[in-house]
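**Q** Just passing along the structure, written as structure tokens.
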Amino acid sequence: MDADPQGSVGLSLTRQSRVLPGFYDLMADPVYPIDRLIVPTRLETLSLVAAGQTSDYELGGGEMGVTLHRVREFLRSVEGKGYEVCIVDTAAGLFGATADVLSASSAVIIPQQAEPLGIRSVPKLMSVLARMRVVNPELSVLGLLLTMMQPGLAESREAAQSLKDILPSELLFQTMIPRDDLFIRASARGLPVGAMENGAGAMAVFDRVRMEVEAKLTAMAQRK
Ligand SMILES: Nc1ncnc2c1ncn2[C@@H]1O[C@H](COP(=O)(O)OP(=O)(O)OP(=O)(O)O)[C@@H](O)[C@H]1O
Ligand SMILES: [Mg+2]
């Protein structure tokens, strides 16, 4: 589900996503039929909910607490429909719809570019997330996932190293997403990287991320 008003998840999976109803339509209208929001993709096991029409939502945000309630209701109903996992892509930041999605979620993954400026804000981000557990004690931080990694660039390697120094090892994904021009070519064609003719390598990286996520979710379930 795309909860980023810029709606880029949808764009990379289906070209019609700009006109599809989605997350923000549901936030504006709680009785919006959910079945009309869930669209199939070329992957049988993956369905998509686009961002939809944000109208004035992104400007002022929803009424306090209303979004949170509607996100929770939505997650409950897709679970009832048999979906195992609902991955919600949010805009950066910890306010507005992003905060509401976090308050309704059981786990969060933090993608972080491997560059020094971004890394410096990580401790602050972690402490805000910890405070968010006051509102949502269910929320586990699955970990921080380094992206745009360039092993040939000293700054990129240093960023990765300083994250290792400040984060407990279980909070850092072992897999790192390398910077790869294939992403740019894939997004130009409106395809997921894995669907590109030479996408097997990128696909393998995300498959390792998937395995790490599954292991973390299993461990999380066992702790409960
Ligand atoms: N590993 C990568 N290698 C090269 N380019 C990448 C990689 N990951 C993403 N990109 C490119 O960078 C751009 C932004 O990526 P993406 O949308 O994933 O970032 P984002 O952090 O979600 O941005 P936003 O905050 O706008 O949602 C895209 O155009 C994408 O093609
Ligand atoms: Mg994004």
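The values are calculated or read from the model by the stated rules, or taken from the named source; none is laboratory data. Given the structure is predicted, the values throughout are model-derived calculations rather than measurements. All Cβ positions, glycine included, derive from the backbone under ideal geometry; neighbour counts span all protein chains shown. Remember, those area values only see protein heavy atoms, side chains included, never the ligands or the DNA or RNA. Shrake-Rupley method; radii C 1.70, N 1.55, O 1.52, S 1.80 Å.
**Q** How large a share of the accessible area of segment 2-180, in percent, is made up of carbon and sulfur atoms when the probe is 1.4 Å and the other protein chains stay in place?
**A** For segment 2-180, the apolar C and S fraction of the accessible surface comes to 55 percent.
**Q** Something else: Sequence gap at least 6, Cα distance under 8 Å: using those rules, report the relative contact order of segment 107-197 to the nearest whole percent.
**A** Relative contact order for segment 107-197 comes out at 32 percent.
**Q** Can I ask one more? Relative contact order for the chain using alpha-carbon pairs under 8 Å, separation at least 6, rounded to a whole percent?
**A** Answer for the chain is 17 percent.
**Q** Name the long-range amide H neighbours of Gly143: under 5 Å, sequence gap of 5 or more, or other chain; modelled H, no Pro or chain starts.
**A** Amide H to amide H, under 5 Å and 5 or more residues apart or across chains, Gly143 pairs with Val108, Ile110.
**Q** Express in Å², to the nearest 10, the accessible area of Leu94 obtained by rolling a 1.4 Å probe over the protein heavy atoms while all chains stay in place.
**A** Accessible area of Leu94: about 50 Å².
**Q** Can you give me the long-range amide H partners of Met149? Hydrogens built in the peptide plane at 1.01 Å from N, cutoff under 5 Å, separation of 5 or more residues or another chain.
**A** Correct list: Ala114, Ile177, Arg179.
**Q** Report the accessible area of Thr218, computed with a 1.4 Å probe over the heavy atoms of all protein chains in place, in Å² rounded to the nearest 10.
**A** Counting only protein heavy atoms, the figure is 70 Å².
**Q** Keeping all protein chains in place and using 1.4 angstrom, which order do Phe23, Phe206, Phe95 fall into by accessible surface area, from largest down?
**A** Phe95, Phe206, Phe23
**Q** Ok, one more. I'd like the accessible area for Met176, computed on protein heavy atoms only with a 1.4 Å probe and all protein chains in place. Round to 10 Å², please.
**A** In the full protein context, Met176 sits at about 50 Å².
**Q** Ala215 to Val31: extension gain in nm, 0.36 nm per residue of separation minus the Cα-Cα distance?
**A** 62.7 nm
**Q** Mean residue ellipticity at 222 nm from the helices of the chain, using -39,500 (n - 2.57) per DSSP H segment of n ≥ 4 over the full residue count, to the nearest 500 deg cm²/dmol?
**A** Here the helix-only value at 222 nm equals -13500 deg cm²/dmol.
**Q** List, in order, the whole-Hz ³J(HN,Hα) value for each residue of segment 207-224 obtained from phi through the Karplus relation with A = 6.51, B = -1.76, C = 1.60 and θ = phi - 60°; use x for Gly and Pro.
**A** Karplus-based 3J(HN,Hα) across segment 207-224 equals 5, 5, 4, 4, 5, 5, 4, 4, 4, 5, 5, 5, 4, 5, 5, 5, 5, 6 Hz.
**Q** Give, in nm to one decimal, the length gained when the segment between Thr41 and Arg133 is fully stretched (0.36 nm per residue of separation minus the Cα-Cα distance).
**A** Here the answer is 29.8 nm.
**Q** Scan segment 68-119 for trypsin sites (Lys or Arg not before Pro) in coil per DSSP, keeping those whose Cβ has at most 14 other Cβ atoms within 10 Å, and list them by number.
**A** Lys81
**Q** Determine the per residue accessible area of segment 2-180 with all protein chains present and a 1.4 angstrom probe, expressed in square angstrom.
**A** Accessible area per residue, segment 2-180: 58 Å².
**Q** Still on this model: Can you work out the Karplus-derived ³J(HN,Hα) for every residue in segment 96-106? Use 6.51 cos²θ - 1.76 cosθ + 1.60 with θ = phi - 60°, whole Hz, and x for glycine or proline.
**A** x, 4, 4, 5, 5, 5, 4, 6, 9, 9, 9
**Q** In the chain, with Lys and Arg counted as +1 and Asp and Glu as -1 at Cβ, which of these residues, Gln150, Leu167, Pro33, has the Cα nearest the positive end of the dipole, that is, farthest along it?
**A** Going by the Cα projections, it comes out as Leu167.
**Q** Using a 10 Å Cβ count of at most 13 others and DSSP loop calls, identify the longest part of the chain lacking such GluC sites (Glu not before Pro).
**A** Result for the longest clean stretch: 139-196.
**Q** May I pose another question? For Ser187 and Ser162 in the same chain, what is the full-extension length gain: residue separation times 0.36 nm, less their Cα-Cα distance, in nm?
**A** The span from Ser187 to Ser162 would gain 6.0 nm if fully extended.
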